[in-house]
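The structure appears below as structure tokens.
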DNA sequence: TTAATAACAATAATTATTACTGTTTTATTA
DNA sequence: TAATAAAACAGTAATAATTATTGTTATTAA
């Protein structure tokens, strides 16, 4: 059993995340922290991100591609991952907690919750793809991918 | 544009995964493959796992804890991750594709799909916890966690 | 059967993350 | 307010997972 002591670095990391809408990686947090704390260590960033998410003051986001990301908003909500630019954004959508019940229907253990990531193209990437579609459609039929 | 050539190693990896109900990591696949191919390289395993999941013959599972896992069954379905023993198992549950619609309601881009991981305690871990609950409940009240 | 190249084994390199060590900060108490 | 204990730190080393490189072998098409 251990006690938590205040640290300026930890507070700064929490504040930094609270002020961001994207969902930065540990490395991005580190780079930005160096403005306020030129000597901050990457290990300090990792340690505090782990600690803050353990105590539920931030949330860890594992998209399955690239490094872990962190969200200053610890309240449960869903995320969208763009397969084009790899950005991660929040989704405003109704709770779908009922899917835990569905999941538990034919299951032996105890379902306590779920995480879900929606994927597709973000607004910007969707528009870019449409714009370039006309040009490329001919090429696509000639050089079709085999795999 | 590149063409796919047959390889015994790739077939063996695919067959191995098809015969498993758990969802092995690259390293587990590697260890098992060495029975058939004593000189197989870990790089070969990684390359073929990536290739097979790109062409949709297997599925990659990113639980967010530990290494990537692979599923010989590429048909969309949901997974359960036990927070006790970290095992990953399949869930038999109805499709919940409608949540893509919900997710797209207030969203600018195009939602193409989702992945979801349910978590909690598997049957074995749930029973173990119940069994040890009586003994530990007193201790828990004395040594309560602060963080 | 040869020629082109995908796939291989072996290994080096990279990326993301965690652990260690000696020093500094914070919080408690004399 | 000064002394003490321990959490947190910076700096750095180490680890785990994965990807890239290189020279060789296997597969496929001509």
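Values quoted throughout were computed directly from the atomic coordinates according to the rules given, and no laboratory measurement underlies them. Computed from a predicted structure; not experimentally measured. Glycine also receives a Cβ, built like all others from the backbone with ideal geometry; neighbour counts cover every protein chain displayed.
Compute the acute angle (0 to 90°) between the alpha-carbon long axis of helix B:123-142 and the principal axis of greatest extent of the alpha-carbon atoms of chain B; round to the nearest 10°.
Between the helix axis and the principal axis of chain B, the angle is about 40 degrees.
Cut-off is 10 Å between beta-carbons; in what order do A:114, B:23 appear when sorted fewest neighbours first?
Working: A:114 19, B:23 23.
In order of increasing Cβ crowding within 10 Å: A:114, B:23.
Between copies, how close do the residue A:95 label points come, placed 7 Å along Cα→Cβ, listed in nm from shortest?
Sorted ascending, the copy-to-copy spacings read 2.7 nm.
Just to confirm my numbers, what's the Cα centroid distance between region B:27-83 and region A:52-107 in Å?
So the separation of the two Cα centres works out to 23 Å.
Given the -39500 (n - 2.57) contribution per DSSP H run of 4+ residues, what per-residue ellipticity at 222 nm results for chain B, rounded to the nearest 500 deg cm²/dmol? Can you show the working numbers first?
Numbers: 5 runs with 62 residues, N = 147.
Result for chain B, helices only: -13000 deg cm²/dmol.
How far, in whole Å, is the closest Cβ of chain A from the axis that maps A onto B, and which residue does it belong to?
A:116, 2
Expressed as an acute angle from 0 to 90° and rounded to the nearest 10, what is the orientation of the C-alpha long axis of helix A:8-18 relative to the principal long axis of chain A?
Once rounded, the angle reads 30 degrees.
How many percent of DSSP beta bridges within the protein assembly as shown run antiparallel, rounded to 5?
Working: 27 of 35 bridges.
Roughly 75 percent of the beta bridges in the protein assembly as shown run antiparallel, per DSSP.
Would you mind telling me which residue in B:126, B:12, B:103 has the biggest mean-square fluctuation in a Gaussian network model of chain B, where springs connect alpha carbons within a distance under 10 angstrom?
B:103
Taking one equal scatterer on every alpha-carbon of the protein assembly as shown, how large is log10 of I(q)/I(0) by Debye at q = 0.10, 0.12, 0.14 1/Å?
Listed by q, the Debye log ratios stand at -0.73, -1.03, -1.30.
Given a Förster distance of 30 angstrom, what is the FRET efficiency for residue B:57 paired with residue B:90, based on the Cβ-Cβ distance and rounded to 0.05?
Details: r = 17 Å, r/R0 = 0.58.
Efficiency, rounded to the nearest 0.05: 0.95.
Using only the Cα atoms, what convex hull volume per residue in Å³ does region B:1-74 have?
Output value, Cα hull per residue: 94 Å³.
Report, to two decimal places, the Cα Rg of chain B normalised by 2.2 N^0.38 Å (N = number of residues).
Numbers: Rg = 20.0 Å, N = 147, 2.2 N^0.38 = 14.7 Å.
So chain B has a normalised radius of gyration of 1.37.
Could I have the simple spin-label model distance between residue B:75 and residue B:108, label points 7 Å from Cα toward Cβ, reported in nm to one decimal?
3.9
Can you tell me the FRET efficiency between residue B:14 and residue A:18 if r is taken as the Cβ-Cβ distance and R0 is 41 Å, rounded to the nearest 0.05?
Working: r = 46 Å, r/R0 = 1.13.
The computed FRET efficiency comes out at 0.35.
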